[in-house]
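The values are calculated or read from the model by the stated rules, or taken from the named source; none is laboratory data. Owing to the predicted nature of the structure, the values given are computational and were not obtained by experimental measurement. Here Cβ is always computed from backbone atoms with ideal geometry, including for glycine, and neighbour counts include all displayed protein chains.
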Amino acid sequence: MKRFGVVLSSILLAAGAVASSAQSVPAATEGQFSITAGGMASIFQPDFAGQWKFACSSGCTGSAPAGIYYPVAQASSQPLFGAGAYVDVRLTRWVQIEAEGRWQRFNQFDNISQDNYLIGPRVPVFRFRRSSIYAKALAGYSKMVFDPYNDHGSFTALAFGGGMDVRLTKRLSFRAVDVEYQYWPLWGNSTLSPYGASMGIGYRIF
């Protein structure tokens, strides 16, 4: 969470510098730059239900074989609920960045939890009146707790998705839906593919 805070602070500082330098641009380009920060609630399928598999490395025919246990990807009957935060930085209409942090700690099965820290480009797809539909491709890392013994790890994570924001007022926006499919390429002896949806409220700072 501390690293995510550092990332967000860096984005805000850099964006503030851009905003200051943009104050003297012609009126035709004014209004393109903005920063929106918000909070969200999420529901995610963690793609892990506490199942482990034993891989024998030696003495496989004896009574006490040596080897390791590794987690097995499997849909869980209990989705994870969580809270999160996001920052959208719009530099121009087509150049936008989104950073998000998500902490999925509720409705745990066997103490399993997942946290995400991601950043990447956000692309506007369609705009209709007060609604804006977008797509995104993010990268970063995720933390995961595997069991009641607090076995845990950090993993590279990629995320692809999109959603719709609805402008409520000049400053406030409603994130009606944000869907996300994640891909963890190196997870135990396999890969992991959590997916889910979020909704929230954003506030335009600039």
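So the values come out like this:
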read-out: Lone qualifier among GLN51, GLN108, GLN104, GLN78 - being more than 28 Å from PHE206 (Cβ to Cβ) and either hydroxyl-bearing (Ser, Thr, Tyr) or touching a Gly at 6+ places or on another chain (Cβ under 9 Å) (or both); value: GLN104
read-out: Count of residues meeting criterion [of a type outside the set (Ser, Thr, Tyr), in contact with an Asp or Glu (Cβ under 8 Å, 6 or more places away or on another chain) and either surrounded by fewer than 16 Cβ atoms within 10 Å (Cβ to Cβ) or under 12 Å from THR36 (Cα atoms) (or both)] in the stretch 173-196; value: 3
read-out: Residues of the stretch 39-71 satisfying the condition of being at pLDDT 95 or above and of a type in the set (A, V, I, L, M); value: MET40, ALA41, ILE43, ALA49
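Residue by residue, here is whether (1) at pLDDT 95 or above; (2) outside any strand (DSSP E or B); (3) among the acidic types (Asp, Glu); (4) more than 19 Å from GLN74 (Cα to Cα) holds:
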{"residue": "TYR134", "(1), (2), (3), (4)": "yes, no, no, yes"}
{"residue": "ALA137", "(1), (2), (3), (4)": "yes, no, no, yes"}
{"residue": "ASP147", "(1), (2), (3), (4)": "no, yes, yes, no"}
{"residue": "GLY162", "(1), (2), (3), (4)": "yes, no, no, yes"}
{"residue": "VAL166", "(1), (2), (3), (4)": "yes, no, no, yes"}
{"residue": "ARG175", "(1), (2), (3), (4)": "yes, no, no, yes"}
{"residue": "PRO185", "(1), (2), (3), (4)": "yes, no, no, no"}
{"residue": "GLY196", "(1), (2), (3), (4)": "yes, no, no, no"}
